[in-house]
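Engineer: Below are the structure tokens for one structure; questions will follow.
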Amino acid sequence: MREDVRYILNTEGINPNRTRLVRVSPMPEWLQMVNQNSKAKYCHVNAYSVLLELKEALGDKYEKFEGDVKYVLGFIANEKVHEHALLKIADKYYDPTISEEVSSTIDTYSLVELSLPAVQSILERTGMVKHGLLLMTLRDCDEFAEYFTAPTIEDVISEVQKVVDQIDNSSGFSPSVS
């Protein structure tokens, strides 16, 4: 991993040891057919929509392939690092948002790879169904704690509250008022 990427992930509270560099493959024609509605800069929606379209196109046969089809949350890095969503089918990664020409010039990192039912479950729990799964959504899910190095805002508030409670409960403490 590039040191600049490692630094940025660390400062963003992402565990860089959980990420890995992946190679994005050109999308096969059959996958391009279910990727008709992709929009630039909407990688989360695009990846999620393609999974849903793929499930619909395969119908009953989807269950046979479900374990090999993943929604991937990670990052792309050129001169900047950006959160990104793409797909993994079997052992190949595909990007429904960025063209093959551009994908070949940037580094792509995988952080979390989830099945469609797992994504749907998280989206339903968090109310983010229309937006695709974002990393910030996973920060508050206990099962993904290992991917993050920084506490959630709820953790920070809880810790501050504990300090306030200790101060309130200590005898003889009197805040000075100016």
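Engineer: Is it the case that the stretch 76-83 has a residue that's of a type in the set (Val, Ile, Thr), surrounded by 18 or more Cβ atoms within 10 Å (Cβ to Cβ), part of a loop (DSSP other than H, G, I, E, B) and within 18 Å of the chain's Cα centre (by Cα)?
Structural biologist: Checking the stretch 76-83: not a single residue is of a type in the set (Val, Ile, Thr), surrounded by 18 or more Cβ atoms within 10 Å (Cβ to Cβ), part of a loop (DSSP other than H, G, I, E, B) and within 18 Å of the chain's Cα centre (by Cα).
Engineer: Here's something else I'd like to know. Which residues, counting only those in the stretch 96-110, are assigned to a loop (DSSP other than H, G, I, E, B) and either closer than 13 Å to VAL22 by Cα or open to solvent by 70 Å² or more (accessible area, probe 1.4 Å) (or both)?
Structural biologist: Correct list: SER104, THR105, ILE106.
Engineer: Return the residue satisfying two criteria in turn: it lies in the stretch 96-123 and is of a type in the set (Ser, Thr, Tyr) and within 20 Å of GLU12 (Cβ to Cβ), and of such residues it is nearest to the chain's Cα centre (by Cα). Don't jump to the end; show me each part of the working.
Structural biologist: Initial filter on the stretch 96-123 (of a type in the set (Ser, Thr, Tyr)): 97, 99, 103-105, 108-110, 115, 121.
Adding the requirement that they be within 20 Å of GLU12 (Cβ to Cβ) leaves 108-110.
Working: THR108: 13, TYR109: 11, SER110: 9 Å.
In this case the residue turns out to be SER110.
Engineer: Those residues that are of a type in the set (A, V, I, L, M) and within 14 Å of ILE76 (Cα to Cα), I need them from the stretch 93-124; list them, please.
Structural biologist: Passing the criteria: ILE98, VAL102, ILE106, LEU111, VAL112.
Engineer: Is it the case that TYR71 is surrounded by 20 or more Cβ atoms within 10 Å (Cβ to Cβ), within 28 Å of MET1 (Cβ to Cβ) and hydroxyl-bearing (Ser, Thr, Tyr)? Walk me through how you get there before you give the answer.
Structural biologist: Numbers: surrounded by 20 or more Cβ atoms within 10 Å (Cβ to Cβ): yes; within 28 Å of MET1 (Cβ to Cβ): yes; hydroxyl-bearing (Ser, Thr, Tyr): yes.
Criteria met by TYR71.
Engineer: I would also like to ask the following. Out of curiosity, is ASP91 over 16 Å from GLY13 (Cβ atoms) and loosely packed, with under 12 Cβ neighbours inside 10 Å?
Structural biologist: yes
Engineer: Before we move on, is ASP107 within 30 Å of GLU3 (Cβ to Cβ) and of a type in the set (Asp, Glu)?
Structural biologist: Considered against the rule, which asks whether it is within 30 Å of GLU3 (Cβ to Cβ) and of a type in the set (Asp, Glu), ASP107 comes out as yes.
Engineer: Hey, TYR93 hits all of (1) within 13 Å of the chain's Cα centre (by Cα); (2) assigned to a strand (DSSP E or B) but one; which does it fall short on?
Structural biologist: Going through the list (1) within 13 Å of the chain's Cα centre (by Cα); (2) assigned to a strand (DSSP E or B), TYR93 breaks only (1).
Engineer: Determine, yes or no, whether LEU9 is more than 21 Å from LEU111 (Cβ to Cβ) and modelled with pLDDT under 90. First the steps, then the outcome.
Structural biologist: Values: more than 21 Å from LEU111 (Cβ to Cβ): no; modelled with pLDDT under 90: yes.
No: the conditions fail for LEU9.
Engineer: Would you point out which residue out of LYS55, LYS41, LYS64 is open to solvent by 80 Å² or more (accessible area, probe 1.4 Å), part of a loop (DSSP other than H, G, I, E, B), out of contact with any Lys or Arg (no Cβ under 6 Å at 6 or more places or on another chain) and more than 22 Å from GLU146 (Cβ to Cβ)?
Structural biologist: Answer to the selection: LYS41.
Engineer: So, LEU31, is that one open to solvent by less than 70 Å² (accessible area, probe 1.4 Å), among the hydrophobic types (A, V, I, L, M, F, W, C), in a strand (DSSP E or B) and in contact with a helix residue (DSSP H, G or I) (Cβ under 9 Å, 6 or more places away or on another chain) or not?
Structural biologist: The answer is no for LEU31.
The values are calculated or read from the model by the stated rules, or taken from the named source; none is laboratory data. Quick caveat: nothing in here was measured; it's all calculated off a predicted structure. Heads up, the Cβs are rebuilt from the backbone with ideal geometry, glycines too, and the neighbour counts pull from every protein chain shown. When the accessible area is computed, the model is the full protein with side chains, heavy atoms only, and any ligands, DNA or RNA have been set aside. Shrake-Rupley method; radii C 1.70, N 1.55, O 1.52, S 1.80 Å.
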